[in-house]
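Below is one structure, written out as structure tokens; comments come after it.
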Amino acid sequence: MDSPTTFALYGIGAAAAAALVVKLKARLELSRAKHRSLAGHARLARRVAAVVPYYEYGPTEFFCSDDAPQDLVARRRAGFARLTDLYRTRFPRTAALTAQVKEAISDLQFTEAYRVPFQYGRFVREHLPVGAFVASSSGVTLTDLDGNRFYDLTGSYGVNLLGNDFYKECLEAGLTQARELGPVLGPYHPVIAENVRRLREISGLDEVSFHMSGTEAVMQAVRLARYHTGRRRVVRFCGAYHGWWGDVQPGIGNPLPARDTYTLKEMSEETLHVLRTRRDIACVLVNPLQALHPNAGPPADSSLVDAGHNARFDRAAYADWLTRLRVVCSERNIVLIFDEIFVGFRIAAGGAQEYFGVKADIVTYGKTLGGGLPIGVVCGRKDLMKRFRDDRPADVCFARGTFNSHPYVMTAMHEFLTALGRQDVRALYHGLDERWNGRADSLNRRLGDENLPVRVANLSSIWTICYAAPSRYNWMFQYYLRAEGLALSWIGTGRLIFSLNYGEADFAAVADRFVAAARGMRHDGWFWTPADATNKSIRRRILREMIVHRLFPHFQTSP
Ligand SMILES: Cc1ncc(COP(=O)(O)O)c(C=O)c1O
């Protein structure tokens, strides 16, 4: 007969087994809520990145890495030589100063290195150097050191919402208003009272805190969510950017594992299930820009090895997703954070909350809100913003910063917020989507009419370029666009950002240049693809190349 001790041991064993089953089930559910791509598996992505070997195409293979026939290679060579000549004669001073400072500016070395897929990088940098300097801005244009005027599609990383001249005025007026106080920190400049009033009104939230950058604002939002919920885990969505702080950048780029971050699929039932069932989640971070390309990373040209950039914005579907997310977060006391650092003020005066009709618990703003100066802002519910506990005075949630609430930033911000109430600025928001969708549609029609394998997709004034031909050379398009006088940011054709002061004539000029650039690409043979090529077959081929170079590091790709 079994003794009571044996029964007790059976009981403990059964309880342990049951606990293990529950844990395994939760782990499995978490895995199911991850996106299948590498971007959905941060740790694996880092491991894969660590073994990708460097190799490069020499002057021969550069033009025929897709086995193009000889006549086409000759066309590419001729087109490339023409472009090289154009870059050399048109941008000499800008290129010379860039070359002079490059060795001493690590950020510049980084952006230079990641403009195109790495195999082509050295050759293209040698022959098509992109200048890092501009001398002036006016209207919707930028002028470089050689006097070339470009239409500005960089949008200053999204800061430039209302046109560079507008921010020059904000800075001037802000400077005048802050002059008496100067750079005094600690005590506030009185405009802060008005800024706070307006931010509360815009966000519909109770309290505000000021920071120096968007990254810092997100850090503080997440820290507050953890403090108040007593939970550790942060949910972010696959592909979404929230600044460069470790916990929100769990994959490639961060040398440390972000153990408390779950990167889950956006617009997914499995994700909702995880949120509904786990007890360790403090907050969900949403970057509404992802509505343009859910679950995919920022579409940089450095990863444009084929025609794999896909984007399509569906406002109703994304609004529905946010609504369902809101319900689950409310049910589970999970803090819903909208990171509106990019889209705030851009897609609607009231940002993503207004645009999608969903309220967040905390909203972060930045970029354009600083009126041209660095800024990060957190707006949140009163109970979530509090940094100490009345009943436990030693348990605080610390967040200060020397330059937070800088008088010059506050006065420039004040100019920006005041302008939002002006008739002419308010008018920009009327029919905003219709205007930008109409412009995207008309450009796409022109491209379609000429059978050019390029299209644009947009979320209001934020655009991305998609390619229909699975060519290995789609990234070359950025150099044709620059040659036509269109200024792009370092991620190239992945992100075009228009300021809202683009009038019809300016936009028509951009569209003409865009079409001319696409014609140039086709004329010079870069859109060509072998008859049976697909994005998949291209990627397989690149994988084979990588394996060979990994196994035989001294293998010469081309003479
Ligand atoms: C959505 C979002 N969050 C956070 C950040 C980080 O802001 P900052 O570059 O000011 O640190 C960015 C910057 O692009 C962003 O787009």
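The values are calculated or read from the model by the stated rules, or taken from the named source; none is laboratory data. Everything numeric here is computed off the predicted structure, so don't read it as measured data. All Cβ positions, glycine included, derive from the backbone under ideal geometry; neighbour counts span all protein chains shown. We work out accessible area using only protein heavy atoms, side chains counted, and drop any ligands, DNA or RNA first. Shrake-Rupley method; radii C 1.70, N 1.55, O 1.52, S 1.80 Å.
Carbon and sulfur atoms: what percent of the 1.4 Å accessible area of region 380-499 do they account for? After summing per-atom areas, the C and S share lands at 52 percent. Of the whole protein surface, K25 contributes about 120 Å² of accessible area at a 1.4 Å probe radius. Helix content alone sets the calculated 222 nm mean residue ellipticity of the chain: runs of n ≥ 4 DSSP H residues at -39500 (n - 2.57) each, divided across all residues, give -14500 deg cm²/dmol.
What is the percent carbon and sulfur in the accessible area of region 288-333, measuring with a 1.4 Å probe over the protein chains and ignoring ligands? Don't skip to the answer; put the middle values down first.
Numbers: 910 of 1840 Å².
Heavy-atom surface of region 288-333 belonging to carbon and sulfur, 1.4 Å probe: 49 percent.
Net charge dipole, the chain: roughly 1500 debye, given to the nearest 20, about the Cα centre with Cβ charges of +1 for Lys and Arg and -1 for Asp and Glu.
Looking at the chain, send over the antiparallel percent of its DSSP beta bridges, to the nearest 5. That works out to approximately 60 percent antiparallel. When the accessible area of region 55-126 is computed with all protein chains present and a 1.4 Å probe, what percentage of it is carbon and sulfur? For region 55-126, the apolar C and S fraction of the accessible surface comes to 54 percent. Membrane-span-like helices in the chain, defined purely by DSSP H runs whose alpha carbon atoms cover 27 Å or more axially and whose average Kyte-Doolittle hydropathy reaches 0.0, are 4-32, 504-523. Once the Cβ-Cβ distance of E331 and R232 is raised to the sixth power relative to R0 = 22 Å, the FRET efficiency obtained is 0.65.
Counting Lys and Arg as +1 and Asp and Glu as -1, each charge on the Cβ, what is the dipole of region 1-159 about the Cα centre in debye, to the nearest 20? Before the final figure, lay out each step's value.
Numbers: 21 positive and 15 negative charges, 77 e Å.
I would put it at about 380 debye.
Which entries of K25/K536; K23/K536; K359/K382 show an alpha-carbon separation above 26 angstrom in the structure shown? All intermediate terms of the calculation are to be shown ahead of the outcome.
Values: K25/K536 33 Å; K23/K536 37 Å; K359/K382 15 Å.
Table pairs above 26 Å Cα-Cα are K25/K536; K23/K536.
Ordering W245, W475 by accessible surface, largest first, gives W245, W475; the 1.4 Å probe counts only protein heavy atoms, with every chain in place.
Each of S136 and R544 was given a label point 7 Å from its Cα along the Cα-to-Cβ line. The distance between the two points is 5.5 nm. What the Cβ-Cβ distance of R32 and T402 gives, at R0 = 51 Å and to the nearest 0.05, is a FRET efficiency of 0.70.
Looking at region 96-137, I'd like the Rg to Rh ratio, where Rg is from alpha-carbon atoms and Rh is Kirkwood's inverse mean 1/r.
Numbers: Rg = 10.8 Å, Rh = 11.0 Å.
That ratio is 0.98, to two decimals.
Inter-label distance, A17 to Q100: 7.7 nm, where each label sits 7 Å from its Cα along the C-beta direction. Just how many % of Cα pairs in region 32-133 lie over 20 Å apart, if you round to the nearest whole percent? That fraction is 56 percent. Rounded to 0.05, the FRET efficiency of the A113 and T5 pair, given R0 = 45 Å and the Cβ-Cβ distance, is 0.10.
Computed over region 303-356, the alpha-carbon pair-distance distribution with 5 angstrom bins reads 4, 16, 18, 21, 16, 12, 8, 3, 1, each value a whole percent.
Think of a 1.4 Å ball rolled over the protein heavy atoms: the chain then has 46 Å² of accessible area per residue. When both region 142-190 and region 451-474 are represented by their alpha-carbon centers, they are found 31 Å apart. When restricted to Cα atoms, the chain yields an Rg and a Dmax of 25.9, 97 Å, respectively.
Under the convention that each Lys and Arg Cβ holds +1 and each Asp and Glu Cβ holds -1, the size of the dipole of region 45-93 around its Cα centre is about 400 debye. Projecting the Cα atoms of A33, S499, V159 onto the charge dipole of the chain, computed from C-beta unit charges around the Cα centre, puts A33 farthest toward the positive end.
Candidate cross-link partners of K168 among the lysines, defined by an alpha-carbon separation under 22 Å and a same-chain spacing of 8 or more, comprise K367.
For H309, H228, write out the residues from largest to smallest accessible area, computed with a 1.4 angstrom probe and no ligands counted. Display every interim value, and only then the final one.
On the way: H309 25, H228 55 Å².
Result of the area sort, largest leading: H228, H309.
Region 23-85 and region 195-234 have Cα centres lying 37 Å from one another. Please compute the contact order of the chain in relative form: average sequence separation of alpha-carbon pairs under 8 Å and at least six residues apart, divided by the residue count, as a percent. Rounded, it is 22 percent for the chain.
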